[in-house]
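The values are calculated or read from the model by the stated rules, or taken from the named source; none is laboratory data. The structure displayed is predicted, hence computed values, not measured ones. Note that we place each Cβ from the backbone using ideal geometry, even for glycine, and neighbour counts take in every protein chain shown. Only protein heavy atoms, including side chains, enter the accessible area calculation; ligands, DNA and RNA are left aside. Shrake-Rupley method; radii C 1.70, N 1.55, O 1.52, S 1.80 Å.
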Amino acid sequence: MTSRRHTPPPRRWLLPPRPDGHRFPSNLSASAVQLLLSRGIGDEAALTRFLDPAGVPYPPDSLPGVDAALPRLAAAVRSRETVAVFGDFDVDGITGTAILSDTLQRLGARVIPYLPDPVAEGHGMTPLAVDRLASQGASLIVTVDSGVSNSAEVALANQKGTDVVITDHHVPPPQLPDAVAIVNPRMTGNQYPFPELCGAGIAYKLAAALREYMGQPDDPSLLELAALGTIADLVPLRDENRHIVQQGLAALPFTDRPGLRALLRRSNLANRPIRAEHVSFQIAPRLNASGRMAHPETSLNLLLTSDEREGERLTTQLEQYNARRRDLTTRSFEIAVEQTLASSPLPAIIITYDDAYTPGINGLVAGRLAELFNRPSVALARADADHLVASARSVGDFSLIDAISQCGDLLVKYGGHQAAAGFTVRNEHYAEIAGRLTGIANAQMGLFAPEPTLEVHAEGTLDELLSPAMAELCSRLEPFGKDNPTPRYLSRGVRVTNAGYVGSNGQHLKLRVSSGGRSIDALSWNYAGEWGGYDAADVVFQLAEDNYRGERRTYLRIDDIRPAV
């Protein structure tokens, strides 16, 4: 199936704050002031707090639950108990599982890493997993990125004589599991200064606390894994998360882990500085691919192996999974778009199902639909003969978890939050769940979805926006991610001196643009619609890099473009 261009709704540009009346030094350019104001940094003191927050990194033993977890973990290590590390199948869960598995094994415990099957088990502990781990002799289960909502499964483990230590970053429910310890910065009464750690970040802090408790030196290599999980899990890249990512990315090019070295080579990232966007678009998709297409243990084994050949073999497997994932996502998205366009008018919530979909790519399809049509979107795939599994992504203020929870009587299980959620439903309830969700969305939004917007962080000529001073400021502000987004710029009235399509299917628009004495290439990936052929344009873009004939070069990655006003 060949790719088609689908025109998204027009987006309103949210312009950056006015730079007048600021409290920065007068030699700072207007574009630089806008960039800082756009992320809530209003003066030099706020910039200092952002770049170097006081007390970071915070003492790991100040995390709630660590004081109860350490004696039990240390006893397991000293007695060489069998400890199961129960993780999750996304990058956050995989890296957190690798952190604790590696730490406990090096300290002397016998470790069983366990990642649930995404389709058969889903997120969180299951009775089947508890039974399996207890039968393998696990006297202690340590969870990663999960467990705080698994009271029944923890009770089952206790009945079997298996203790449980929970590490999780999700909001605890009113009824807490009867675990030895719950390490979670969101616990009621928590005094930890920063509650936004992801699962891998909490695993890293617990590992550091355990090594210190047992008189062992810190293991800085664990920061590489914590940084990958922190970036992939889209937690705010501020405060301690910023520190974890900065330190981890600085260490990543020099990693001693054979699997990571092989992965960096295949991603064309070896022997070069690695930024957060490299993780988001090149490393994390590969690590996620095994869970989407088969089982996440391939990615976990890649992070844990000490064998060079095994690292290469597992990387090859991930490359194959990722290629299949890309192809399947493209085909499934085309089907979903055709189904959506057949509806007139466009529904308040998009719900799509096809036998070509698989549970591993549902979330990707739903996310692309939400972005293209600016509607909350749900994609369902066959889980087994009797069940469908759904992934959903939202836009605007529409809360998916609120909507889905109103359908709980029809569902086998569900979970998530406002922007992303999922559920499992029996075949015979598919039509009813689709109708009920549509009714909820209609009642809240009607046929008018929230207006799509595009946030701009600074405005100027190309010469101003691409100046060495702006590059130096951006370097200080990195790493970019949630709550510290990659700078998006607006340059008005740029001259378009050349235009054409590139790519295997002519799907990318390539321009040559100039303004303020600066000329540069600009690319719009998978350009929607037809190029208007205008000579001057207003362009919203981000700066990007590629390697052309062995030479690194900067270009503009176009987010939106219009005829110059």
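Annotations
- Identity of the residue in region 247-279, polar (S, T, N, Q) and either modelled with pLDDT of 95 or more or surrounded by 21 or more Cβ atoms within 10 Å (Cβ to Cβ) (or both), that ends up nearest to residue 98 (Cα to Cα): 255
- Within region 377-412, the set of residues being among the small types (Gly, Ala, Ser), touching a residue at least 40 places away in the same chain (Cβ under 8 Å) and touching a Pro at 6+ places or on another chain (Cβ under 7 Å) comprises 383, 396.
- Subset tally (residues that are more than 14 Å from residue 177 (Cα to Cα) and either of a type in the set (A, V, I, L, M, F, W, C) or without any contact (Cβ under 8 Å) to a residue 12 or more places away in the chain (or both)) for region 143-167: 1
- Region 178-197, subset within 18 Å of residue 150 (Cα to Cα) and open to solvent by less than 10 Å² (accessible area, probe 1.4 Å), residue farthest from the chain's Cα centre (by Cα): 181
For every residue, the table says whether it meets (1) open to solvent by less than 70 Å² (accessible area, probe 1.4 Å); (2) out of contact with any Cys (no Cβ under 6 Å at 6 or more places or on another chain); (3) among the aromatic types (Phe, Trp, Tyr).
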| site | (1), (2), (3) |
| --- | --- |
| 426 | no, yes, no |
| 432 | no, yes, no |
| 437 | yes, yes, no |
| 443 | no, yes, no |
| 459 | yes, yes, no |
| 467 | yes, yes, no |
| 476 | no, yes, no |
| 489 | yes, yes, yes |
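- Verdict on residue 115 being touching a Pro at 6+ places or on another chain (Cβ under 6 Å) and either open to solvent by less than 10 Å² (accessible area, probe 1.4 Å) or within 30 Å of residue 382 (Cα to Cα) (or both): yes
- Total residues in region 348-362, condition surrounded by fewer than 20 Cβ atoms within 10 Å (Cβ to Cβ) and either more than 21 Å from residue 328 (Cβ to Cβ) or not aliphatic (A, V, I, L, M) (or both): 3
- Residues in region 413-424 that are in contact (Cβ under 8 Å) with a residue 40 or more places away in the chain and either part of a helix (DSSP H, G or I) or open to solvent by less than 40 Å² (accessible area, probe 1.4 Å) (or both): 415, 420, 422, 424.
- Residue check for residue 122: open to solvent by less than 30 Å² (accessible area, probe 1.4 Å) and within 25 Å of residue 237 (Cβ to Cβ): no
- Flag for residue 156 being part of a helix (DSSP H, G or I), out of contact with any strand residue (DSSP E or B) (no Cβ under 6 Å at 6 or more places or on another chain), surrounded by 15 or more Cβ atoms within 10 Å (Cβ to Cβ) and of a type outside the set (Lys, Arg): yes
- Positions within region 491-501 being open to solvent by less than 70 Å² (accessible area, probe 1.4 Å) and touching a residue at least 12 places away in the same chain (Cβ under 8 Å), in sequence order: 491, 493, 494, 496, 499
- Meets criteria (open to solvent by 10 Å² or more (accessible area, probe 1.4 Å), more than 21 Å from residue 71 (Cα to Cα) and within 26 Å of the chain's Cα centre (by Cα)) for residue 174: no
Every residue, every condition in (1) in contact (Cβ under 8 Å) with a residue 60 or more places away in the chain; (2) touching a strand residue (DSSP E or B) at 6+ places or on another chain (Cβ under 8 Å), yes or no:
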{"position": "454", "(1), (2)": "yes, yes"}
{"position": "479", "(1), (2)": "yes, no"}
{"position": "503", "(1), (2)": "no, no"}
{"position": "519", "(1), (2)": "no, yes"}
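- Qualifying positions in region 232-246 - under 17 Å from residue 99 (Cβ atoms), open to solvent by 10 Å² or more (accessible area, probe 1.4 Å) and under 17 Å from the mean Cα position of the chain (by Cα): 232, 233, 235
- For the residues 162, 97, the requirement of being closer than 30 Å to residue 236 by Cβ and hydroxyl-bearing (Ser, Thr, Tyr) singles out 97.
- The set of residues in region 302-337 being of a type in the set (S, T, N, Q) and open to solvent by less than 30 Å² (accessible area, probe 1.4 Å) consists of 305, 315, 322, 329, 332.
- Single residue of 225, 140, 210, 133 found to be crowded, with 21+ Cβ neighbours inside 10 Å, free of Cβ contacts under 8 Å to residues at least 60 places away in the same chain and under 22 Å from residue 77 (Cβ atoms): 133
- Scope region 516-565; condition open to solvent by less than 20 Å² (accessible area, probe 1.4 Å) and either on the phi > 0 side of the Ramachandran plot or not in a strand (DSSP E or B) (or both); matching residues: 529
- Taking every residue in region 430-444 that is within 11 Å of residue 398 (Cα to Cα) and pairing it with any residue that is open to solvent by 70 Å² or more (accessible area, probe 1.4 Å), at least 6 positions away or on another chain, the pairs with Cβ-Cβ distances below 9 Å are 440/402; 440/406; 444/397.
- Of the numbered criteria (1) open to solvent by less than 10 Å² (accessible area, probe 1.4 Å); (2) at pLDDT below 95, the one residue 399 fails is (1).
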